[in-house]
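Working notes for the structure below.
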Amino acid sequence: MANDDEEFVKEILRKYSQMLPDLMESDFGSAVISAEVQAYITELSGIRDPYRKFKQEKLEIAKKLLPLFKAEIKKADDPLLITLLISALGNSKDKNFDFKQTDSIDLAQILNEKFNYNDYQNFKADLKNAAKILFIADNTGEALFDKLLLAQLKKYDVEIKYAVRECPILNDITMEEAQKLTIDEYAEIINSGSRTPGMPMEAATAEFEAEYQNADLIISKGQGNLETLFEKEKGIYFLLKAKCALIADSLGVKKNDFIFIRH
């Protein structure tokens, strides 16, 4: 994405090979390792956001799906539940979200997915008593689906903070991108402080830390956030697709399951 020159690629691989022993000896997770590698790619190439084109392609697909999903939400018996599922589907990288011909979308096939583990009833009970929600965002392409969920959450008369990455990292959403998508129609966008595809609390801004401590409900999107928060933090609702065996095993589910779990 940044440069396909063979020597450039070899230099990145050399640098990664040098970094790996120290990283393996540390307690850093894959999110931090990814950030270290991308930082070097940026330094070497001068390209601040190698994933910009990729993110735009995903957003175009999301924009095509948006009116179709809105129609389904409007006629749903439980709009909140279906928007949680749509938000989780947005976190998926399966073929439904990688196709180029958006005019051939099989909406029934997409919405045929179900949560394989679901703490929804507990969530609804917590939501009724909540005044403040912290939503820890993940990828740029799925943010439009998050927006559908935020609209449903606002019906409960809650204050929502939507936390984004400090700077471009992989395909995760930044402040600039969240503002362009008008996420602030339903939530205040805040900078988490994270420069990794996850949310290590040691990187948190003072604002994020305060919102984290004061939130009545916390929703965390995606695997990266789960990897950095799951073992250290409690009381979070994790919303994601388990895309690898390691994450699936740690949650007691199967690979590719859609999960909404309180930990």
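The values are calculated or read from the model by the stated rules, or taken from the named source; none is laboratory data. Just so it is clear, the structure is predicted and the values come from calculations on it, not from any experiment. All Cβ positions, even for glycine, are placed from backbone atoms using ideal geometry, and neighbour counts span all protein chains on display. Side chains included, ligands, DNA and RNA excluded: accessible areas come from the protein's heavy atoms. Shrake-Rupley method; radii C 1.70, N 1.55, O 1.52, S 1.80 Å.
Looking at Ser220 and the list (1) without any contact (Cβ under 8 Å) to a residue 24 or more places away in the chain; (2) part of a strand (DSSP E or B); (3) of a type in the set (Gly, Ala, Ser), which single condition is not satisfied?
Here Ser220 clears every test but (1).
Tell me which of these Thr196 doesn't satisfy, since it passes every other one: (1) surrounded by fewer than 21 Cβ atoms within 10 Å (Cβ to Cβ); (2) not in a helix (DSSP H, G or I).
Condition not satisfied by Thr196: (1).
Could you run through the range 172-185 and say how many residues are open to solvent by 20 Å² or more (accessible area, probe 1.4 Å) and either touching a Phe, Trp or Tyr at 6+ places or on another chain (Cβ under 8 Å) or part of a helix (DSSP H, G or I) (or both)?
Qualifying residue count for the region: 7.
If we keep just the residues of the range 38-63 that are over 19 Å from the mean Cα position of the chain (by Cα) and outside any helix (DSSP H, G or I), which is surrounded by the most Cβ atoms within 10 Å (Cβ to Cβ)?
The residue in question is Ile47.
Considering each residue of the range 129-164, count those that are assigned to a strand (DSSP E or B), at pLDDT 95 or above and open to solvent by less than 30 Å² (accessible area, probe 1.4 Å), and give that number.
9
Output the number of the condition that Lys63 fails; it satisfies all remaining conditions of (1) modelled with pLDDT of 90 or more; (2) farther than 21 Å from Lys221 by Cα.
Here Lys63 clears every test but (2).
Do the conditions hold for Leu107, that is, is it surrounded by 11 or more Cβ atoms within 10 Å (Cβ to Cβ), at pLDDT below 65 and among the hydrophobic types (A, V, I, L, M, F, W, C)?
Yes.
Taking Ala35 and the conditions (1) under 18 Å from Arg195 (Cα atoms); (2) assigned to a helix (DSSP H, G or I); (3) in contact with a helix residue (DSSP H, G or I) (Cβ under 9 Å, 6 or more places away or on another chain), which numbered condition does it fall short on, given that it satisfies the others?
It fails just one condition, (3).
Only one residue in Leu20, Leu66 is without any contact (Cβ under 8 Å) to a residue 40 or more places away in the chain and open to solvent by less than 70 Å² (accessible area, probe 1.4 Å). Which one?
After ruling out the rest, the residue left standing is Leu20.
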